[in-house]
Amino acid sequence: MKWINQSLFRRLLISYLFIFILGFGIIGIVISTSSKDYLTDQKRQEMLQQAGSINGAIYHSEVVTPEVLLTIEQLGEFSNSNIWLFDDSGQIVATSSRQDIFVGEPISDDLLKEIMDGQNRIQVMDIEGEERPMLSVIVPWGSNEQIHGGIILHSPIAGINSTIRNIREIVQWAIIGGLIIVTILVSYLSWSISKPLKKVEEATNEIALGNYSKRVEHDNQFSDEISELIKSFNRMAEKLNTIENERGTLEKRRNDFIANISHELRTPLTAMKGFLEALQDGLVKDTESQQKYYAIMYRETEYLNHLVNDLMDLIKLERQDISLDLYCVHLQEIIRKVALNLQPSIESRNNDIIIDAPDNIPPVIGDSIRLEQIFKNIIHNANKFTENGSITIKLEEHCKDNVCVKISDNGIGIPSYDVKRIWERFFKVDRVRQKKERGTGLGLAIVKELVQLHHGEITVESELGVGTTFTIFFPTQRKKGYE
Ligand SMILES: Nc1ncnc2c1ncn2[C@@H]1O[C@H](COP(=O)(O)OP(=O)(O)O)[C@@H](O)[C@H]1O
Ligand SMILES: [Mg+2]
């Protein structure tokens with residue numbers, strides 16, 4: 001039985017054929033037995049009628065006259081049966097086919113009694129000299145008032161048997177023909193069921209081996225269970241593919257991130273190591289150079305500190321590990337405070353700072369420490385990339401439910417092809433441009449996350465050599481749906 005289990009196709013085919021043969025076999029047996037009963041019954045009725053008709057023709061004669069003999073001969077020939085007459089003593093007195101050997105023979109007493117009582121009898125009789133089994137019908141001869149004897153009508157049952165044989169033959173051929181048609185149909189049906197399942201199985205194996213782009217082809221116009229299964233399978237494969245791609249992207253992002261951190265850490269550490277070695281080996285003798293070396297090392301340490309702080313912030317933001325202390329805050333105050341803190345650095349680069357922040361600007365909902373961080377980063381950038389220029393900060397109410405802050409500078413600007421990338425972690429337009437004031441490249445990535453955390457929006461416009469403008473929208477308390 002093992003081979004039966006090997007393929008769904010075979011199992012379906014065998015099951016269908018078995019059901020078909022069983023079904024048709026039962027139908028065939030039922031038809032042939034019921035038709036035999038039916039035909040025998042028909043024959044009996046027919047013979048009873050014939051016997052009645054014979055009696056109708058001869059009932060008035062009490063004895064066998066030449067007319068009676070002629071009548072039964074003619075009727076016997078006409079109905080293809082033998083007719084015998086017996087009298088009230090139970091002796092056969094006439095036969096239709098001149099089988100005189102039976103004339104004078106007695107019939108059984110119980111039969112005679114039954115007939116003389118006015119009853120009919122039907123029985124299968126074996127008649128001497130007759131090979132075929134005969135169906136015999138015996139009815140009284142005469143009228144109800146006076147019975148003269150009985151009429152026996154014999155007819156071969158071979159006719160019924162041959163009809164049944166014919167029916168059986170037809171049923172057999174119908175089963176064979178049906179079997180051929182059913183085999184073809186069932187083969188097609190089984191094939192159409194097992195083929196797509198086979199395809200799904202193959203695709204599953206391929207996906208298991210890592211080929212996530214594998215899909216199962218299907219005809220869109222059908223919506224049966226197998227098509228639905230294939231569609232669901234493809235949807236699942238698509239999802240797996242997306243997850244796998246996302247995993248790949250995430251993995252790449254993580255690796256890039258680690259590579260960037262390592263690079264950013266290694267540069268200052270290598271520099272510091274070099275200077276320390278020089279100082280340790282006594283290679284730098286004069287105090288002026290030594291002071292210079294210490295100053296560089298101090299700057300590098302500051303940078304490292306700055307980098308680690310930025311990294312901590314970024315990781316916390318990405319993990320959504322930062323909670324804001326939300327209050328109603330006036331951005332004018334925060335911006336003025338940040339500008340004041342940065343004043344020495346702004347002056348050192350010979351820049352002007354102009355703040356246009358009317359007092360009637362509504363407060364926003366925010367965390368003042370984080371808002372300070374946002375403005376510090378942007379104003380610091382503006383100052384870093386501008387020399388002998390000006391930084392303008394303009395606050396205005398926008399559409400009643402936002403406060404818009406524009407921070408513009410007329411510094412070196414950002415090349416158009418890099419504008420989109422400035423939000424990426426560790427991205428710096430050109431490392432050569434910022435030799436003195438080295439940045440981590442994390443500032444704007446942090447700013448963007450912080451603005452989003454405040455339900456705000458930040459955009460940038462810049463032109464190389466002309467200047468840069470950052471525009472930030474913060475929702476006010478009045479903004480609908482702001483929580
Ligand atoms: N106001 C600006 N003018 C010109 N370039 C800018 C300005 N602000 C940002 N950038 C560019 O975007 C890059 C990313 O900024 P940021 O994330 O703050 O990093 P960092 O300041 O540490 O370099 C900067 O390196 C700089 O090239
Ligand atoms: Mg910066």
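Each reported figure results from applying straightforward, stated rules to the coordinates on display, with no laboratory input. Here the structure is a predicted model, which means the values were calculated and not measured. Glycine gets a Cβ as well: all are built from the backbone with ideal geometry, and neighbour counts include every protein chain shown.
Here are the numbers for the structure shown:
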| read-out | value |
| --- | --- |
| Long pairs among K384/K448; K316/K406; K316/K394; K316/K420, criterion Cα-Cα beyond 22 Å | K316/K406; K316/K394; K316/K420 |
| 27 Å Cα-Cα reach of K43 towards lysines, excluding residues that sit fewer than 8 places from it in its own chain | K113 |
| Between region 106-140 and region 202-238, the alpha-carbon center distance in angstrom | 78 |
| Kirkwood Rh and Cα Rg combined as Rg/Rh, region 212-322 | 1.44 |
| Stretch gain in nm, segment Q172-L229, where the contour uses 0.36 nm per residue and the Cα spacing is subtracted | 16.4 nm |
| Rg(Cα) / (2.2 N^0.38 Å) computed for region 323-475, rounded to two decimals | 0.99 |
| Relative contact order for the chain, counting Cα pairs under 8 Å that sit 6 or more residues apart, in percent | 9 |
| DSSP bridge pairs, region 6-162: antiparallel proportion in percent, nearest 5 | 100 |
| Label point distance in nm, L265-L179, each placed 7 Å from Cα along Cα→Cβ | 8.1 |
| Spatially proximal lysines relative to K273 (Cα-Cα < 26 Å; intrachain offsets below 8 disregarded) | K285, K292, K428, K435, K436 |
| Peptide ranges 400-411, 20-31 listed from the most packed, as the mean C-beta count within 10 angstrom indicates | 400-411, 20-31 |
| Potential extension, I127-L326 segment - 0.36 nm per residue separation minus Cα distance | 59.6 nm |
| Region 6-162: relative contact order as a whole-number percent, Cα under 8 Å and 6+ apart | 22 |
| Residues R165, R215, sorted so that the one with the fewest Cβ neighbours within 10 Å comes first | R165, R215 |
| Computed [θ] at 222 nm, helices only, for the chain once each DSSP H run of length n ≥ 4 contributes -39500 (n - 2.57) | -19500 deg cm²/dmol |
| Placed amide H near I127: partners under 5 Å, 5+ positions off or other chain | M134 |
| Set of aspartates and glutamates near K400 by C-alpha distance (under 18 Å), chain-local residues within fewer than 8 positions excluded | D359, E457, E483 |
| Cα point-scatterer Debye curve for region 218-277, base-10 log of I(q)/I(0) at q = 0.18, 0.19, 0.27 Å⁻¹ | -0.75, -0.78, -0.99 |
| Translational diffusion coefficient (Stokes-Einstein; Kirkwood radius from C-alpha pairs) of region 6-162 at 10 °C, 1.306 mPa s, in µm²/s | 89 |
| Alpha-carbon Rg with Dmax, taken over the chain, Å | 56.8, 171 |
| Region 371-414-region 261-334 distance, computed between alpha-carbon centres (Å) | 24 |
| Efficiency of FRET between N309 and M236 - r from beta-carbon atoms, R0 41 angstrom, step 0.05 | 0.40 |
